[in-house]
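Asker: My structure is below; once you've seen it, I'll send some questions.
The values are calculated or read from the model by the stated rules, or taken from the named source; none is laboratory data. Here the structure is a predicted model, which is why all the values come from computation and not from measurement. Cβ placement follows ideal geometry from the backbone for every residue including glycine, while neighbour counts extend to all protein chains displayed. Ligands, DNA and RNA are stripped out before the accessible areas are found, and what is left, the full protein with its side chains, is counted by its heavy atoms. Shrake-Rupley method; radii C 1.70, N 1.55, O 1.52, S 1.80 Å.
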Amino acid sequence: MSDAALWAALADPHRRTIVALLLERPRPVGEIVEECGLSQPSTSKHLKVLRQAGLVRVRQDAQRRVYALDPAPIAALDAWLAPYRRLWNTSLDTLGRRLDETAPDDPEEPSPKD
């Protein structure tokens, strides 16, 4: 599984919807089809891409295929995003401090525009 395959798999909004559904719990294909509002062949193609990227696992349950999220690739993406998250958190903390410094002392006091 490559980073490019993960990003490519998650680039499609239908596949992100499937990942969000599987985040809740494992689901059979039929349920994924119903929830996504896609045809069964289209859903199967999306699931194949997610499976090839390593994002989902499939198990056979009698006549049904049940898909579940594989947390390992998501954890790898989270680790990759960590430095960017720190950058945003630092920027947002700085903005928050600046807003606190410039906020009026009395929150009930009307702004100069009023």
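Asker: Answer yes or no as to whether residue 58 is surrounded by 11 or more Cβ atoms within 10 Å (Cβ to Cβ), assigned to a strand (DSSP E or B), over 15 Å from the mean Cα position of the chain (by Cα) and of a type in the set (Val, Ile, Thr). Steps first, please.
Answerer: Working: surrounded by 11 or more Cβ atoms within 10 Å (Cβ to Cβ): yes; assigned to a strand (DSSP E or B): yes; over 15 Å from the mean Cα position of the chain (by Cα): yes; of a type in the set (Val, Ile, Thr): yes.
Yes, satisfied.
Asker: Taking the range 65-96 only, how many residues are farther than 19 Å from residue 23 by Cα, surrounded by 11 or more Cβ atoms within 10 Å (Cβ to Cβ) and charged (D, E, K, R)?
Answerer: Adding up the residues that qualify gives 0.
Asker: Return the residues of the range 9-28 that are part of a helix (DSSP H, G or I), open to solvent by less than 70 Å² (accessible area, probe 1.4 Å) and not small (Gly, Ala, Ser); say none if nothing qualifies.
Answerer: Result: 10, 15, 17, 18, 19, 21, 22.
Asker: Go through the range 1-45 and report how many residues are among the hydroxyl-bearing types (Ser, Thr, Tyr), under 24 Å from residue 61 (Cα atoms) and over 15 Å from the mean Cα position of the chain (by Cα).
Answerer: Kept after step one, since they are among the hydroxyl-bearing types (Ser, Thr, Tyr), are these residues of the range 1-45: 2, 17, 39, 42-44.
Still in the list and also under 24 Å from residue 61 (Cα atoms): 17, 39, 42-44.
Among the residues that remain, those that are also over 15 Å from the mean Cα position of the chain (by Cα) are: 39, 42-44.
Of the residues in the range 1-45, 4 are among the hydroxyl-bearing types (Ser, Thr, Tyr), under 24 Å from residue 61 (Cα atoms) and over 15 Å from the mean Cα position of the chain (by Cα).
Asker: Only one of 38, 99 is open to solvent by 40 Å² or more (accessible area, probe 1.4 Å) and of a type in the set (A, V, I, L, M); which? Reasoning before the result, please.
Answerer: Working: 38 fails: open to solvent by 40 Å² or more (accessible area, probe 1.4 Å).
Exactly one of 38, 99 is open to solvent by 40 Å² or more (accessible area, probe 1.4 Å) and of a type in the set (A, V, I, L, M), namely 99.
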